[in-house]
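Student: I'd like to ask you about the structure that follows.
Each reported figure results from applying straightforward, stated rules to the coordinates on display, with no laboratory input. It should be emphasised that the depicted structure is a prediction, and the values quoted were computed from it without experimental measurement. Here the Cβ is made from the backbone with ideal geometry for all residues, glycine too, and neighbour counts use every protein chain on show.
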Amino acid sequence: LDQYDDAELVRKKTAAMFAGFITRMAPEDNLMGESAADPNGVAMAGMEPGTLQILEPGEDIKFSAPADVGSSYAEFMRQQFRAVAAAMGITYEMLTGDLTQVNYSSIRAGLLEFRRRCEALQHGVIVHQVCRPIWRAWMDQAVLEGVLDLPGYRNDRRTYQAAKWIPQGWSWVDPQKEFNAMKLAIRAGLMSRSEAISGNGYDAEDVDREIAADNARADALGLVFDSDARHDQVPTAMPTDANQAQTFDPMDAPPNNQEPQL
């Protein structure tokens, strides 16, 4: 692939070389003296912008027209880069930075597959083989040095060393659509708030404590924000005269021998 790219570059440089060739019908002696020539004795003539060159009788001039880069070059390179990206487990756009042929759906599908691969590496390699051994070794050393006082640590070591690893969250292509989908999934019971918060790289308990602290501070200062769901209540409709009108109930009707009182 690199050699093909270099060959196309050489062809492009050759195509940019502008040259003209003067041909004669019959070779004749140069009566005006020797003209400029290259080391091989071939006569050469210069060209400047705006020059009108008068040719001798029987002479003709032709310009070189080397083949330019083929029209299939860009598509060929794009296809090769796609194959390289697929082998690396990334998207073509990540490999080349070319975003000219993507839309929201295509780039989102590519990013989801890439993130799924990254999450497998995060939890299966980085967390399992790097973070967890370091965490366990640190806790063992802290207990041995007396920095941490954990009763029954030796017999219940696994419980004390249990930890939840939350990797960094991902930035979405269209956050509004993604968060609306999360909200619908939470309301439908398909996912929890903790799962949604963890997917964005945060701890649900920390977020809840921050929300409670923000609400308490806002209440103490008399502040009301539209982000506070406590103040986003639908007002109850006040009863009207029509609503207050009582509906006639047959059980309340007087006996047949009595006229109803209006």
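Student: Pop out the ³J(HN,Hα) list for the stretch 92-99 in order, Karplus 6.51 cos²θ - 1.76 cosθ + 1.60 with θ = phi - 60°, rounded to Hz; leave Gly and Pro as x.
Tutor: Residue by residue, the stretch 92-99 yields 4, 5, 5, 6, 10, x, 8, 10 Hz.
Student: With θ taken as phi - 60° and the coefficients 6.51, -1.76 and 1.60, list the Karplus ³J(HN,Hα) couplings across the stretch 121-126 in order, rounded to whole Hz; mark glycine and proline as x.
Tutor: After applying 6.51 cos²θ - 1.76 cosθ + 1.60, I find 5, 4, 7, x, 10, 5 Hz.
Student: Taking 0.36 nm per residue of separation and subtracting the Cα-Cα distance, what length does fully extending residue 61 through residue 208 add?
Tutor: Full extension of this stretch gives 44.6 nm more.
Student: Residue 191's amide H: which non-local residues (gap 5+, or another chain) put their own amide H closer than 5 Å, with H modeled 1.01 Å from N in plane and none for Pro or chain starts?
Tutor: The answer is 186.
Student: Describe numerically, in nm with one decimal, the distance between label points set 7 Å from Cα along Cα→Cβ at residue 6 and at residue 120.
Tutor: Placing both labels 7 Å along Cα→Cβ, they lie 3.6 nm apart.
Student: Another one. Applying 1/(1 + (r/R0)^6) with R0 = 35 Å to the Cβ-Cβ distance of residue 143 and residue 99, what FRET efficiency is obtained, to the nearest 0.05?
Tutor: Efficiency computed from Cβ-Cβ geometry: 0.10.
Student: What are the ³J(HN,Hα) values, in whole Hz, obtained from phi via the Karplus relation 6.51 cos²θ - 1.76 cosθ + 1.60 with θ = phi - 60°, for each residue of the stretch 144-160 in sequence order, with x given for Gly and Pro?
Tutor: For the stretch 144-160, the Karplus curve yields 5, 7, x, 5, 10, 9, 10, x, x, 5, 5, 8, 10, 5, 5, 5, 5 Hz.
Student: Which distance in Å, rounded to a whole number, links the C-alpha centroids of the stretch 112-158 and the stretch 181-231?
Tutor: 28 Å
Student: Roughly what would the spin-label model give for residue 23 and residue 162, points 7 Å off Cα along C-beta, in nm?
Tutor: Here the modelled spin labels are 9.0 nm apart.
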